[in-house]
1. Would you mind stating whether B:Arg62 is without any contact (Cβ under 8 Å) to a residue 40 or more places away in the chain and part of a strand (DSSP E or B)?
2. Considering only residues of region B:144-181 that are in a loop (DSSP other than H, G, I, E, B) and of a type in the set (A, V, I, L, M, F, W, C), which is nearest to A:Phe139 (Cα to Cα)?
3. Identify all residues within region A:150-185 that are touching a Leu at 6+ places or on another chain (Cβ under 7 Å) and crowded, with 19+ Cβ neighbours inside 10 Å; write none if there are none.
4. Please specify each residue of region B:75-88 satisfying the condition of being out of contact with any Lys or Arg (no Cβ under 6 Å at 6 or more places or on another chain) and under 23 Å from B:Gln148 (Cβ atoms).
5. Assess whether B:Glu147 counts as being at pLDDT below 85, charged (D, E, K, R) and closer than 30 Å to A:Glu72 by Cβ.
6. If you go through region B:182-191 one residue at a time, do you hit one that is closer than 30 Å to B:Asp24 by Cα, of a type in the set (A, V, I, L, M, F, W, C) and either assigned to a helix (DSSP H, G or I) or within 11 Å of chain A (Cβ to nearest Cβ) (or both)?
7. Can you tell me how many residues within region A:103-128 are at the interface with chain B (Cβ under 9 Å from one of its Cβ atoms) and either touching a strand residue (DSSP E or B) at 6+ places or on another chain (Cβ under 8 Å) or buried (at least 19 other Cβ atoms within 10 Å of the Cβ) (or both)?
8. Which of the residues spanning region A:10-49 are closer than 26 Å to A:Phe97 by Cα and surrounded by 18 or more Cβ atoms within 10 Å (Cβ to Cβ)?
Number of protein chains: 2
Amino acid sequence: MLKDEDIKYIAKAIPFWSELNEEDKRFLLDHIFPVQYEKGNSIHSGSMDCIGVLLIRTGDIRVYILSDEGKEVTLYRMSDGDICILSASCILDNITFDVYMDAESDCDLLVIESKFYKQLCSHNIYAENFTQKMVIDRFSDVMWAMEQILFMSFDKRLAIFLSDESARTGSDVIELTHEQIAKYVGSAREVVSRMLKYFQEEGIVALSRGGVKIVNKKKLKALIK
Amino acid sequence: MLKDEDIKYIAKAIPFWSELNEEDKRFLLDHIFPVQYEKGNSIHSGSMDCIGVLLIRTGDIRVYILSDEGKEVTLYRMSDGDICILSASCILDNITFDVYMDAESDCDLLVIESKFYKQLCSHNIYAENFTQKMVIDRFSDVMWAMEQILFMSFDKRLAIFLSDESARTGSDVIELTHEQIAKYVGSAREVVSRMLKYFQEEGIVALSRGGVKIVNKKKLKALIK
């Protein structure tokens, strides 16, 4: 059951809310429900599910593709205030690919069920239009990731990742294993370990069991330029 | 100047034509012009130009990204009857990446100038809606290419390329250099040459100065499965 504060949040979060008539607003509210995920949970698994459009009240979600052999490539991340549409990709006829989504922190979401969201889009062109715009935003994110992976030298990519993680968590210590870092940057563990060892030798980071500590930010930034 | 047959073609090619009023139809026709490109010409170069929406009457266009070091990765191809929208990406606020386009055969196009197409989209939601749908179609194409490049073993990728080229040209002989094949499959020339040599040793292809001849289709297909 939605609380008053949920309804207020929804009216603010959905940009086409003012384009809906009272009936459509009621219809939408009848098919939104709150849901929580714990850090590490899978939220969406390729074509296996199509839970719906996610309004992220709080939390961080990583969106990635997965090969048959289990290789992951991160496409982009979403967080507080973002709206996630590819978790409802089954309702978009022209989306023919599958993505995966994991909760990277505890997540508090509102979910609009796919089936009903599709109904709304089919008779309200503003809803459809907004949905398409969100997908195209993600297209730009994916192209950015693709250029990083295909074109950028690996030392630069790893340096950017460490720098971004440090900024995101507000800490100089990246508490991730080499295996996890490899997954996030779309590489192999051995490649990451080798490059981190090189960074350590260069006095850029210090490696420990707990993770990677950035010890010379200036040198790290120099790699990114 | 447009001929009667051009106008007939446009009315059929543009799916939202019937949603336009007479004034908009006139406006659109006033800003469409025919243009020809020869095989090998560059049609669109990243952020350098933004010629407009292309209606491909006849011809083949390759769309790719290009690194600072000159590495190319093919995203998708377009041909007769396709409408090319990323050549007008400057009018789409949420497209933040640049692509390149080359004519792979002689091309006969109709071009809707970007500036006027944007004007049309800004006051006609059906035009905007259709434009977004086209972009999302390309998003799916790009995801497919990305999965090929990042996840697929290289022998399989090369086999698929040779098989597709053979089907497209209707010939068992692929008249391309190893350098060109490398560009198309997003790899290095040395890698392509090594794999083609392996294919030759396996009796799948025969190599000559003129290109690559497929001599055992069954074996080639077996690599793709």
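1. So B:Arg62 does not fit the description; no.
2. Of everything passing the filter in region B:144-181, B:Met152 is nearest to A:Phe139 (Cα to Cα).
3. Across region A:150-185, the qualifying residues are A:Ala159, A:Leu162, A:Ile174, A:His178, A:Val185.
4. B:Leu75, B:Tyr76, B:Met78, B:Ser79, B:Asp82, B:Cys84, B:Ile85, B:Leu86
5. In short, yes.
6. Checked region B:182-191: no residue is closer than 30 Å to B:Asp24 by Cα, of a type in the set (A, V, I, L, M, F, W, C) and either assigned to a helix (DSSP H, G or I) or within 11 Å of chain A (Cβ to nearest Cβ) (or both).
7. Here the count works out to 1.
8. Correct list: A:Ile14, A:Ile32, A:Tyr37, A:Ile43, A:His44.
The values are calculated or read from the model by the stated rules, or taken from the named source; none is laboratory data. Quick caveat, the model's predicted, so the values are computed rather than measured. Cβ: placed from backbone, ideal geometry, glycine included. Neighbour counts: every protein chain shown.
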